[in-house]
2 protein chains.
Amino acid sequence: MSITIKDVARKTGVSIATVSRIVNNQSGYSEQTRKKVIMAIEDLGYSPNALARGLVGQATRTVGVLLPNVSSLFAGKLLEGIEAAAQSEGYSIVVCNTGSEGERTDDYLTILKQKRVEGILYASGDFPKDLGEKIDGLGLPVVTVATRSHEETIPYVKVDDQTAAFDGTSCLIEKGHRSIAFLGGGLSDPVAGKPRFDGYLDALKAHGIPRQDSLVRFGDFRFESGKRETGRLLDEGAAFTALFASSDEMAVGALHAARERGVRVPEELSVLGYDNTLAAEMALPPLTTVEQPLHAMGEQAFRTLINGGGSLTAKHAIIERQTVRQIEEE
Amino acid sequence: MSITIKDVARKTGVSIATVSRIVNNQSGYSEQTRKKVIMAIEDLGYSPNALARGLVGQATRTVGVLLPNVSSLFAGKLLEGIEAAAQSEGYSIVVCNTGSEGERTDDYLTILKQKRVEGILYASGDFPKDLGEKIDGLGLPVVTVATRSHEETIPYVKVDDQTAAFDGTSCLIEKGHRSIAFLGGGLSDPVAGKPRFDGYLDALKAHGIPRQDSLVRFGDFRFESGKRETGRLLDEGAAFTALFASSDEMAVGALHAARERGVRVPEELSVLGYDNTLAAEMALPPLTTVEQPLHAMGEQAFRTLINGGGSLTAKHAIIERQTVRQIEEE
DNA sequence: CTCGTTTACGTAAACGTTTACGTTCTCTAC
DNA sequence: GTAGAGAACGTAAACGTTTACGTAAACGAG
């Protein structure tokens with residue numbers, strides 16, 4: 001069928017061992033035979049079979065990436081970073097869309113194991129309790145990106161969400177806002193949900209502002225839920241001058257809800273996003289947001305997966321654009 | 001090291017052939033031994049080695065996907081569709097970010113060949129001439145998505161861009177617009193660039209509107225270029241009441257440029273996008289756009305790759321939202 | 001000249017499967 | 001009672017590599 005190392009060996013009159021050595025840049029052959037073999041390889045169009053290689057040495061040069069939703073800008077950025085690092089190390093990545101609830105995680109885990117990937121990058125929002133054991137069972141290195149497991153054993157690469165949310169909320173407060181609504185991703189999500197809410201609460205407390213539970217709403221990080229929840233808040237006539245959203249998509253949803261009701265941003269309502277994806281940049285007006293350096297986090301995560309190493313906390317930042325304004329003291 | 005079929009065979013006292021038959025649901029064993037073997041497999045945590053499997057039978061159940069820019073919403077949607085179809089057929093996909101100019105295409109092609117993928121999905125914008133030969137050299141099935149090759153030999157799944165652009169432009173004309181600017185992706189791009197421009201021109205001609213070359217600009221489909229080119233158009237004082245953009249991102253860029261200059265959309269300027277990605281939905285105001293059914297196209301492309309079959313033309317549609325308005329007859 | 005070392009190879013055993021081909025046994029039909 | 005067929009296995013070759021080990025020749029030192 002296809003051309004094997006044997007064909008090359010036969011054509012050049014050397015043994016397959018020698019061809020293998022040449023292909024792998026090892027030593028033990030003369031320059032003369034090297035040339036002969038290289039030529040034969042070109043001639044025949046020989047391409048080493050990675051399956052056979054992987055079978056004997058155990059380097060498949062492949063890692064699996066689990067994502068809840070490949071089509072989001074969030075996942076895109078992360079994937080881009082991961083891919084870049086992988087490419088530079090000669091790895092390829094297989095992407096697994098686990099579904100928003102992680103329905104297909106188990107299926108993919110067994111497939112990845114069968115394909116003998118060298119490691120797994122987990123960026124699938126929530127990290128369910130039982131998943132830890134399953135993953136341990138695989139005997140594969142794992143690192144989580146932009147999320148973390150309950151156990152301490154699995155390295156993560158992420159922002160300090162609580163502090164980031166604290167900083168974001170504080171920024172709002174420092175601009176004079178006192179009534180700040182919160183749009184979260186569900187408290188059941190212990191990594192992107194709870195910590196951001198806690199950070200928000202911390203900031204209120206630190207500035208002596210009483211929390212108002214009527215101003216907090218939860219969605220699923222997506223555009224639609226942001227629009228819906230902000231709409232409800234507005235329709236209920238809740239009084240707030242600023243809104244902290246747990247994702248850019250939700251923040252843009254908030255922008256839509258505000259516009260539909262004639263509420264002007266930032267004049268009447270300040271909106272702060274989270275992530276700094278392209279959505280923030282493309283929003284109208286451009287969204288002030290808490291940045292997660294997703295591309296860099298993806299790269300880092302890949303590197304720690306391959307080279308080993310512990311958890312890393314990426315630096316967040318506040319990107320000021322045009323959706324937050326200073327409120328005059330009264 | 002890891003647990004092999006031999007371990008299972010030893011533990012149950014049968015031969016590896018029998019274990020293999022059971023694992024693969026073939027016939028030739030008693031129910032009794034089946035149970036024994038299944039139990040042993042569970043006990044030991046045996047997981048068949050896909051590399052070895054792939055080596056003997058040649059089914060790797062893997063396909064490669066080449067994309068110019070994984071992080072875009074466009075790629076995301078496509079990828080989502082591809083992934084969904086792949087998953088349902090038990091395939092996994094390795095994604096390859098070829099870079100916006102396709103710089104890394106060659107590298108990836110050789111890697112994919114070595115890994116013995118069963119086929120390649122090409123969604124990398126332009127399809128350079130020499131690529132056809134290279135791909136033929138691989139001896140792998142290929143299908144292009146949302147793009148096509150020069151030769152007729154490679155099946156594609158795409159929208160009829162010329163007709164879609166014709167329809168989009170016609171829609172603008174039917175709403176009373178006579179001065180319509182065009183934002184393209186470069187005429188050198190023979191698939192997404194030229195045909196859309198031709199469709200635009202066709203529509204003008206069909207309605208007896210003279211073309212005005214001062215109203216056509218080219219970018220690279222991305223947000224920034226849309227913003228930049230529209231800005232220039234506006235700054236030059238060009239007179240136009242509508243703008244046809246070759247991508248949603250560019251259209252959103254146009255929205256930004258307009259807003260910065262106090263030009264109101266759609267009151268003073270109508271804007272039409274292309275793709276119908278989430279960007280169109282999230283834009284403010286929500287973008288009227290020419291839809292490409294990217295998710296479905298991804299699925300279809302995967303299916304024709306695996307099952308064989310010829311080129312497919314997906315149906316486009318005009319999605320009316322809020323950026324195009326009717327102009328009153330004067 | 002001889003001995004030891006290095007260079008340049010070749011041989012063959014693994015790696016973990018699938019599968020063609022045998023073999024044994026049981027059962028049915030006559 | 002026997003031939004024949006089918007069920008239930010086992011044996012071993014193949015898939016395409018890498019690599020430990022062996023070996024012959026060349027070479028340098030003494």
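The values are calculated or read from the model by the stated rules, or taken from the named source; none is laboratory data. Only a predicted model underlies this, so the values are computations on that prediction, with no experimental measurement involved. No Cβ is skipped: glycine too gets one built from the backbone with ideal geometry, and neighbour counts run over all protein chains shown.
Looking at B:A52, B:A59 in this structure, which one is small (G, A, S), within 13 Å of DNA strand C (Cβ to nearest atom) and under 30 Å from B:G99 (Cα atoms)? Testing whether each residue is small (G, A, S), within 13 Å of DNA strand C (Cβ to nearest atom) and under 30 Å from B:G99 (Cα atoms) leaves just B:A59.
Kindly indicate whether any position in segment A:187-198 is assigned to a helix (DSSP H, G or I) and surrounded by fewer than 18 Cβ atoms within 10 Å (Cβ to Cβ).
yes
Matching residues to (1) touching a His at 6+ places or on another chain (Cβ under 8 Å); (2) modelled with pLDDT under 95:
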residue	(1), (2)
B:I209	no, no
B:T241	yes, no
B:F244	no, no
B:A257	no, no
B:V265	no, yes
B:Y274	no, no
B:A279	no, no
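Kindly provide the set of residues from segment B:149-179 that are among the charged types (D, E, K, R) and closer than 18 Å to B:D126 by Cα, ordered by number.
Selection gives B:E151, B:E152, B:K158, B:D160, B:D161.
Yes or no, residue by residue, for (1) of a type in the set (F, W, Y); (2) under 21 Å from A:P195 (Cα atoms); (3) in contact with an Asp or Glu (Cβ under 6 Å, 6 or more places away or on another chain):
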site	(1), (2), (3)
A:R264	no, no, no
A:E268	no, no, no
A:Q292	no, yes, yes
A:A314	no, yes, no
A:V324	no, no, no
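Looking across segment A:1-37, the residues that are touching a residue at least 24 places away in the same chain (Cβ under 8 Å) and more than 11 Å from DNA strand D (Cβ to nearest atom) come down to A:K11, A:T12, A:K36, A:V37. Only one of the listed residues (B:K77, B:K113, B:K35, B:K11) is more than 25 Å from A:L55 (Cβ to Cβ), surrounded by 15 or more Cβ atoms within 10 Å (Cβ to Cβ), of a type in the set (D, E, K, R) and not assigned by TED's automatic domain parsing to the domain that holds B:N276. That residue is B:K77. Of the residues making up segment B:204-227, those that are among the hydrophobic types (A, V, I, L, M, F, W, C) and farther than 29 Å from B:S100 by Cβ are B:L204, B:A206, B:I209.
Of the residues making up segment A:25-33, one or more are within 23 Å of B:K115 (Cβ to Cβ) and more than 8 Å from every other protein chain (Cβ to nearest Cβ). In this structure, is A:R303 of a type in the set (K, R) and either free of Cβ contacts under 8 Å to residues at least 60 places away in the same chain or touching a strand residue (DSSP E or B) at 6+ places or on another chain (Cβ under 6 Å) (or both)? Here the answer is no, as A:R303 does not meet what is asked. The residue list B:F221, B:F240 contains one member that is aromatic (F, W, Y), within 14 Å of chain A (Cβ to nearest Cβ) and part of a loop (DSSP other than H, G, I, E, B), which is B:F221.
Taking the numbered list (1) within 13 Å of another protein chain (Cβ to nearest Cβ); (2) away from DNA strand C (no atom under 12 Å from the Cβ) in turn, B:G132 passes all entries but (1).
Being more than 7 Å from every other protein chain (Cβ to nearest Cβ) and over 24 Å from B:T62 (Cβ atoms), is that true of even one residue in segment A:107-121? The answer is no, given that none of the residues of segment A:107-121 is more than 7 Å from every other protein chain (Cβ to nearest Cβ) and over 24 Å from B:T62 (Cβ atoms).
Note on segment B:1-37: residues that are in a helix (DSSP H, G or I) and either within 11 Å of DNA strand C (Cβ to nearest atom) or of a type in the set (F, W, Y) (or both) total 13. When B:G208 is tested against (1) at positive phi; (2) touching a residue at least 12 places away in the same chain (Cβ under 8 Å), only condition (2) is not met. Restricting segment B:38-53 to residues that are part of a helix (DSSP H, G or I) and more than 9 Å from DNA strand D (Cβ to nearest atom), the residue that is nearest to the other protein chains (Cβ to nearest Cβ) is B:A50. With respect to (1) free of Cβ contacts under 8 Å to residues at least 40 places away in the same chain; (2) surrounded by fewer than 22 Cβ atoms within 10 Å (Cβ to Cβ), the lone exception for A:E89 is condition (1).
Of the numbered criteria (1) more than 9 Å from chain B (Cβ to nearest Cβ); (2) in contact (Cβ under 8 Å) with a residue 40 or more places away in the chain; (3) not in a loop (DSSP other than H, G, I, E, B), the one A:V65 fails is (1). Among the residues of this structure, B:A296 does not count as one that is farther than 25 Å from B:L78 by Cβ and either of a type in the set (A, V, I, L, M, F, W, C) or outside any helix (DSSP H, G or I) (or both).
To keep it simple, each residue is scored yes or no on (1) more than 9 Å from chain A (Cβ to nearest Cβ); (2) not hydroxyl-bearing (S, T, Y).
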residue: B:A75; (1), (2): no, yes
residue: B:A86; (1), (2): yes, yes
residue: B:S92; (1), (2): no, no
residue: B:G99; (1), (2): yes, yes
residue: B:G102; (1), (2): yes, yes
residue: B:T105; (1), (2): yes, no
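Within segment B:272-294, the residues that satisfy the criterion of being more than 8 Å from chain A (Cβ to nearest Cβ) and of a type outside the set (A, V, I, L, M) are B:G273, B:Y274, B:D275, B:N276, B:T277, B:T288, B:T289, B:E291, B:Q292, B:P293. Does A:A59 satisfy being more than 8 Å from chain B (Cβ to nearest Cβ), among the small types (G, A, S), in contact with a Ser or Thr (Cβ under 6 Å, 6 or more places away or on another chain) and more than 30 Å from B:H295 (Cα to Cα)? Spelling it out, it is not the case that A:A59 is more than 8 Å from chain B (Cβ to nearest Cβ), among the small types (G, A, S), in contact with a Ser or Thr (Cβ under 6 Å, 6 or more places away or on another chain) and more than 30 Å from B:H295 (Cα to Cα). Looking for something within 30 Å of A:P141 (Cα to Cα), in a helix (DSSP H, G or I), within 13 Å of chain B (Cβ to nearest Cβ) and not aromatic (F, W, Y) - is there at least one such residue anywhere in segment A:301-310? Checked against the condition, which is being within 30 Å of A:P141 (Cα to Cα), in a helix (DSSP H, G or I), within 13 Å of chain B (Cβ to nearest Cβ) and not aromatic (F, W, Y), segment A:301-310 yields no hits at all.
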